[in-house]
Amino acid sequence: MFKDLDALLHNQLRLSIISILISVDSADFSHLLEKTGATKGNLSVQINKLKDAGYISVKKSFRKNYPLTTCKMTPKGVTAFENYVDAISAYLKKPSE
């Protein structure tokens, strides 16, 4: 039997964001924008959805008088990502004969 997939992570852009953040301590908005190729508006919306779910934390500050948004995985987000990878892996395995 197949496990349910986390609907929040089963979105290309949100999965891209999480996949980037899982391998770094944190990433700023510009870095995520460059790596995902998303529009500023769409990236902002998807970051907020992940933040609202508790999967990432978002810190807003300033660097040289310019706004700086930094994102970081939370323990809940790490667990959700690991569970998602486990679930999707089950879909990719060949059934036993």
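Only the coordinates and a few stated rules stand behind these numbers; no lab work does. Keep in mind that this is a model prediction, so the values were computed, not measured. Using ideal geometry, Cβ is built from the backbone for each residue, glycine included, and neighbour counts are taken over all protein chains shown.
Within straight-line reach of residue 93, meaning a Cα separation under 22 Å, sit the following lysines at least 8 residues removed in sequence or on another chain: 3. Helix 12-21 axis versus longest C-alpha principal axis of the chain: approximately 70°, rounded to the nearest ten. Calculate the length of the line joining the C-alpha centroid of region 35-87 to that of region 1-34, in whole Å. With region 35-87 and region 1-34 each reduced to a Cα centre, they are spaced 8 Å. Counting only alpha carbon atoms, the long axis of helix 40-52 and the longest principal axis of the chain meet at about 60°. Using θ = phi - 60° in the Karplus curve 6.51 cos²θ - 1.76 cosθ + 1.60, the 3J(HN,Hα) couplings for region 58-72 round to 10, 10, 10, 8, 10, 10, 6, 6, 10, x, 10, 10, 10, 10, 8 Hz; x is entered for Gly and Pro. Relative protection proxy for 62-68, 12-18, 22-28, from highest mean packing down: 12-18, 22-28, 62-68 (other beta-carbon atoms within 10 angstrom). Once every Cα of the chain carries one equal point scatterer and solvent is ignored, give the base-10 log of I(q)/I(0) from the Debye formula at q = 0.10, 0.11, 0.15, 0.24 Å⁻¹, two decimals. So the normalised log intensities work out to -0.30, -0.35, -0.60, -1.27. Summing Lys and Arg as +1 and Asp and Glu as -1 over all other residues whose Cβ lies under 11 Å from the Cβ of residue 30 gives a net charge of +1.
For the chain, the relative contact order works out to 34 percent when only alpha carbon pairs closer than 8 Å and six or more residues apart are counted. For helix 75-92, report the angle its Cα long axis makes with the longest principal axis of the Cα atoms of the chain; keep it between 0 and 90° and round to the nearest 10°. Here the helix axis deviates by roughly 40 degrees.
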